[in-house]
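*Asks:* Below is a structure I'd like to ask you about.
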Amino acid sequence: MKEKYIKEKNPNWKGGTDRKRNKKEKIRTSAEYRKWKKTVIKRDKKCSQCPNNKNLEAHHIKSFSKFPNLIYNIENGITLCHKCHKTYHKLNGF
Ligand SMILES: [Zn+2]
Ligand SMILES: [Zn+2]
């Protein structure tokens, strides 16, 4: 019952205590990651797949789970809008 309570109170709750997911979340919320994201978007200014320049997100060209040493490498970042980013991961996974 306690777990159900947490689930309902927290919309970001994904369930389970997957260590890998926790590690990814830690990277995503780190100040260094935010800085990387900002720099990548600033460089590209628009989505690389469509003319959209709103809701921009930075995507890792080489997945950061396979290439952890390239996580904060600007050369490994590309700008995608939220929609294209979602589509990309739907087709290619994470
Ligand atoms: Zn991505
Ligand atoms: Zn786009």
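The values are calculated or read from the model by the stated rules, or taken from the named source; none is laboratory data. Computed from a prediction, not measured in an experiment: that's the story for all the values here. Backbone-built Cβ (ideal geometry, glycine too); neighbour counts: all protein chains shown.
*Asks:* Just wondering, is there one or more residues in the stretch 65-80 that are within 19 Å of Lys20 (Cβ to Cβ), touching a strand residue (DSSP E or B) at 6+ places or on another chain (Cβ under 9 Å) and either acidic (Asp, Glu) or assigned to a strand (DSSP E or B) (or both)?
*Replies:* No, the stretch 65-80 contains no residue that is within 19 Å of Lys20 (Cβ to Cβ), touching a strand residue (DSSP E or B) at 6+ places or on another chain (Cβ under 9 Å) and either acidic (Asp, Glu) or assigned to a strand (DSSP E or B) (or both).
*Asks:* Tell me which residues, restricted to the stretch 22-61, are surrounded by 12 or more Cβ atoms within 10 Å (Cβ to Cβ), at pLDDT below 95 and either charged (D, E, K, R) or touching a Cys at 6+ places or on another chain (Cβ under 6 Å) (or both).
*Replies:* Once the filter is applied, which keeps residues that are surrounded by 12 or more Cβ atoms within 10 Å (Cβ to Cβ), at pLDDT below 95 and either charged (D, E, K, R) or touching a Cys at 6+ places or on another chain (Cβ under 6 Å) (or both), the stretch 22-61 yields Lys23, Lys24, Glu25.
*Asks:* Related question: Could you check how many residues of the stretch 59-94 are more than 9 Å from ligand 1 (Cβ to nearest atom), under 12 Å from the mean Cα position of the chain (by Cα) and of a type in the set (S, T, N, Q)?
*Replies:* Qualifying residue count, the stretch 59-94: 2.
*Asks:* What is the residue count in the stretch 61-86 for residues that are without any contact (Cβ under 8 Å) to a residue 24 or more places away in the chain and within 16 Å of ligand 2 (Cβ to nearest atom)?
*Replies:* The number of residues fulfilling the criteria is 2.
*Asks:* Which members of the stretch 20-48 meet the condition of being farther than 19 Å from Ile74 by Cβ, more than 12 Å from the chain's Cα centre (by Cα) and among the polar types (S, T, N, Q)?
*Replies:* Asn22
*Asks:* Right, something else. Filter the stretch 75-94 for residues that are of a type in the set (A, V, I, L, M) and surrounded by 13 or more Cβ atoms within 10 Å (Cβ to Cβ); which is nearest to Tyr33 (Cα to Cα)? Spell out the reasoning first.
*Replies:* Narrowing the stretch 75-94 to residues of a type in the set (A, V, I, L, M): 78, 80, 91.
Retained after the next criterion (residues that are surrounded by 13 or more Cβ atoms within 10 Å (Cβ to Cβ)): 78, 80.
Values: Ile78: 14, Leu80: 16 Å.
Filtering first and then ranking leaves Ile78.
*Asks:* Could you count how many residues in the stretch 42-58 are within 14 Å of ligand 1 (Cβ to nearest atom) and outside any loop (DSSP other than H, G, I, E, B)?
*Replies:* Start the filter on the stretch 42-58 by keeping residues that are within 14 Å of ligand 1 (Cβ to nearest atom), which leaves 44, 47-49, 55-58.
Next cut, outside any loop (DSSP other than H, G, I, E, B) only: 44, 56-58.
Qualifying residue count for the region: 4.
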